[in-house]
Structure formats: structure tokens, C-alpha cells
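Nothing in this text is a laboratory measurement; each read-out follows from the coordinates by a stated rule. The structure displayed is predicted, hence computed values, not measured ones. Here the Cβ positions follow ideal geometry from the backbone for every residue, glycine too, while neighbour counts run over all protein chains shown.
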Amino acid sequence: MPRTPLQGGRRVKTRTGEIVTGCNIENASYGLSMCAERVAVFKAVSEGLDDFDVIAVVADSKKMTPPCGPCRQILWEYCGDVLVHMTDLRGRSRTMRLRELLPMPFDAGHL
């Protein structure tokens, strides 16, 4: 039976104002699960959207929840140095540039 997506969510926004949401898609094997950040980016890209400027990460957790390593890589390649807004359900928030979360990123310039 599929697991229920975790509370919270992720949203990417294009510079022209389109907002695409994502949620965690979990699987019993965990290795086949997909984080909400990647779901949002992949949905947006599949719809022909690009030129992103912000990703919002909202989570019900004790600490601010930044994107995981694989999500940071996907965000860098598809969104560039976007703003990353992290917020919890208690109203705490922090905003950083993706380059602060992913120093020395690998991208097409290395191929």
C-alpha cells in the first residue's frame, strides 16, 4: 500500500509567477522514493516551465529542513542559484541561496 506523503510540501516558482507544487512520493524500499523538491522540479520541467527563482521548503520538523543532497543537485542543474526558503509549521523560517547549500556544484560546465 502506498505511503501517505509527509505533511508539508515543496513549491518552485518561475520568474513569471507560475508555481508548481510537489510532495514526497514514498515507497516501501525507500530507495525508489522521490523527494518533494524533485517532484516539483520534474513536474515543472515536464510542463515546459523553466527560469525558476525560488523554491519553498515547508516541513513539520524540529529543525529547518533544507533540500537533501540529490535534490540540491537537481535544483542546481534545473533552477540554478535560486533562493531557498525554508519554513517550519511553527513559523520559523530561513532563506539562503542554493550556492550556500551546495558549494562547488557539479554541472554541465564540467562535462
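Modelled this way, with points 7 Å down the Cα-to-C-beta line, the labels at ASP51 and MET64 are 2.9 nm from one another. Its Cα centre serving as origin, the chain has a Cβ charge dipole (Lys and Arg +1, Asp and Glu -1) of approximately 520 debye. For the chain, the convex hull spanned by the alpha carbon atoms encloses 118 Å³ per residue. Residues in region 45-88, backbone N under 18 Å from the label point at ALA108 (7 Å along the Cα-to-beta-carbon vector): list them, ranges by number please. Counting only backbone N, you get 45-53, 73-82. Ordering 71-83, 43-55, 23-35 by mean Cβ neighbour count within 10 Å, with the highest value first, yields 71-83, 43-55, 23-35.
Summarising the amide proton neighbourhood of VAL82: residues at separation of 5 or more, or on other chains, whose placed amide H is nearer than 5 Å comprise LEU98.
Tally the DSSP beta bridges in the chain and give the antiparallel ones as a percent, rounded to 5.
75
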